[in-house]
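J.: Please see the structure below; I have some questions.
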Amino acid sequence: MISRRKLVYNTALLTSSSLLMSCIGIAFQVWLVGRIGSAGIGLYQLVCSVTNLCATFAISGIRFATTRLVAEELGKENISAVRSAMNRCLSYGALFGFAASAVLWLLAEPIGFLWIGDARTVMSLRLSAWSMPCISLCSSISGYFTASGRVWKPTLIHLVEQLTGIVLVALCLYLTPSADIERSCAAVTLGRLAADFLSLVLMFVVYLLDWRHYYGERSEDSALTARMLGIALPLAVSAYARSALNTIQHLLVPRGLKAAGYSADGALSGYGTIQGMVLPIILFPSCIMSAVAELIVPELTEAQVQQEGRVIRRATGKLFTMSLLFSSGVGLFMFVFADQLGVAVYKSYDAGRYIRLLAPLVPVMYTDMTVDGCLKGLGQQVWCMGINILDSLLGLLLVWAFLPKYALVAYISMIYITETLNFLLSTQRLWKTVRELPAAPGAAARR
């Protein structure tokens, strides 16, 4: 049965912390734009597009696999199996994390010169390689805390990580010549790297304390490995495809803008304005929806294990309606006050113009987050990733075909088309899934 009290408590906790971290992040982003400029932000976003692909390989589906596996054992009240499940998940995370690190380190130069087409990214790529094991192991531990309902622990650590990262990035930039875009980008990467290491240490300390307190002897269930791989590997393959397509798409944007007549720094500036300045504002309130999407996964998984079909249908319907109402209000606000937001946050009328152009898409983007969370909670992660791959492939084709001719108009249109397609297909799959769930006679009596 879905625990409304626990879900509301954890959602409020995760939302409030996400809002705080988003406010801090936006303020820092504003400072960073002033420090390294929109061209510097564009260069850093190109580095992030590659490191995000490597991070996808490092994680390889382990965060969701950990959440689902632990939630299933808790739903069956098989507490002793949780410890064995976590040992397998951490081993999986370490294997893929170190493999991703090695690949990025060894291929940083050809990626920077040949793939990105900007040698100034090589130094940042090599620094980013050291973050990969931290990302994969922290993802597994976060999945464990999400499944067990103790989200405040990783939430607190992420807040510490963010604050520490800001201080370290500012210190590194202070020691770097402001006119040197390459070293400025590397300074930002170095500060983030140090914060990732701190986060990993804190995560392990908190996890080991929690692990000893809550769980006793291990359960040598050989099926755990097969179940973990059955969840993680299909997600991993799908995530690889989507992340690769997204990375290629992001790398094509500056090239497409240059083909449309922009200078090299002008292309980076236009790309950086939308990707590094406008989208963070558009997505800022979405932390509420992302919190619900993350926390509903273990709740729906436990309800599915217990065959509470009626409860699941009611919960998903309410979540969909609430998400749509909330996001519509946010979208309307951003559309009306776009100019004020652009000037107040970035002192940029261009940013305000792009905020207004993207504001009508907010209900689609936010509600899709909730729908994705429900699909993953009901074991539909492969369908979910398949839909994501389709929208990424379509986005890549649209950028390649139309950006050189229509520039940023084509980029904005691509975002609209792909986000709407993803939302429609995901929603259709969710309604089909919940309709097919058994009603579970007797569930009402248990509630």
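The values are calculated or read from the model by the stated rules, or taken from the named source; none is laboratory data. Please read these numbers as outputs of a predicted model, since none were measured by experiment. Neighbour counts run over all protein chains shown; Cβ positions are idealised from the backbone, glycine included. The area values use the complete protein model at the heavy-atom level, side chains included, leaving out ligands, DNA and RNA. Shrake-Rupley method; radii C 1.70, N 1.55, O 1.52, S 1.80 Å.
J.: Considering each residue of region 347-356, count those that are under 23 Å from the mean Cα position of the chain (by Cα) and open to solvent by 10 Å² or more (accessible area, probe 1.4 Å), and give that number.
T.: Residues flagged as under 23 Å from the mean Cα position of the chain (by Cα) and open to solvent by 10 Å² or more (accessible area, probe 1.4 Å) within region 347-356 amount to 1.
J.: What single numbered condition from (1) surrounded by fewer than 21 Cβ atoms within 10 Å (Cβ to Cβ); (2) modelled with pLDDT under 90 fails to hold for L403?
T.: Only one criterion in (1) surrounded by fewer than 21 Cβ atoms within 10 Å (Cβ to Cβ); (2) modelled with pLDDT under 90 is unmet by L403, namely (1).
J.: Right, something else. If you check every pair at least six apart or on different chains, which have Cβ atoms under 9 Å apart with a residue in region 412-423 that is open to solvent by 20 Å² or more (accessible area, probe 1.4 Å) first and a residue that is among the aromatic types (F, W, Y) second?
T.: Qualifying pairs under 9 Å: S413/F402; S413/Y406.
J.: Let me ask something additional. Please list, ordered by first then second residue, the pairs with beta carbon atoms under 7 Å, 6 or more apart or interchain, first in region 198-212 and aromatic (F, W, Y), second surrounded by fewer than 20 Cβ atoms within 10 Å (Cβ to Cβ).
T.: W211/R83
J.: So V362 passes all but one of these: (1) within 20 Å of T427 (Cβ to Cβ); (2) buried (at least 22 other Cβ atoms within 10 Å of the Cβ); (3) without any contact (Cβ under 8 Å) to a residue 40 or more places away in the chain. Which condition number does it fail?
T.: Checking V362 against (1) within 20 Å of T427 (Cβ to Cβ); (2) buried (at least 22 other Cβ atoms within 10 Å of the Cβ); (3) without any contact (Cβ under 8 Å) to a residue 40 or more places away in the chain, the one that fails is (3).
J.: Taking only region 52-108 into account, find how many residues are over 26 Å from E299 (Cα atoms), open to solvent by 10 Å² or more (accessible area, probe 1.4 Å) and either in contact (Cβ under 8 Å) with a residue 12 or more places away in the chain or not in a helix (DSSP H, G or I) (or both).
T.: 13
J.: Has region 137-148 got any residue that is within 30 Å of A179 (Cα to Cα) and part of a helix (DSSP H, G or I)?
T.: no
For (1) in contact (Cβ under 8 Å) with a residue 12 or more places away in the chain; (2) outside any helix (DSSP H, G or I); (3) within 15 Å of L295 (Cα to Cα), each residue gets a yes or a no:
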position: T316; (1), (2), (3): yes, no, yes
position: G329; (1), (2), (3): no, no, no
position: Q340; (1), (2), (3): yes, no, no
position: D350; (1), (2), (3): yes, no, no
position: Y366; (1), (2), (3): yes, no, no
position: G373; (1), (2), (3): yes, no, yes
position: K376; (1), (2), (3): yes, no, yes
position: G379; (1), (2), (3): yes, yes, yes
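J.: Next question. Identify all residues within region 304-314 that are in a helix (DSSP H, G or I) and in contact (Cβ under 8 Å) with a residue 60 or more places away in the chain; write none if there are none.
T.: Listed by number, the residues that qualify are Q304, V305, G309, R310, V311, I312, R313.
J.: I need the full set of residues from region 149-206 which are outside any helix (DSSP H, G or I) and surrounded by fewer than 19 Cβ atoms within 10 Å (Cβ to Cβ), in order please.
T.: Across region 149-206, the qualifying residues are G149, R150, L175, P177, S178, A179, D180.
Condition check ((1) open to solvent by 30 Å² or more (accessible area, probe 1.4 Å); (2) closer than 19 Å to A147 by Cβ; (3) at pLDDT 85 or above) across all residues:
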position	(1), (2), (3)
L208	yes, yes, yes
W211	yes, yes, no
S222	yes, no, no
G230	yes, yes, yes
S238	no, no, no
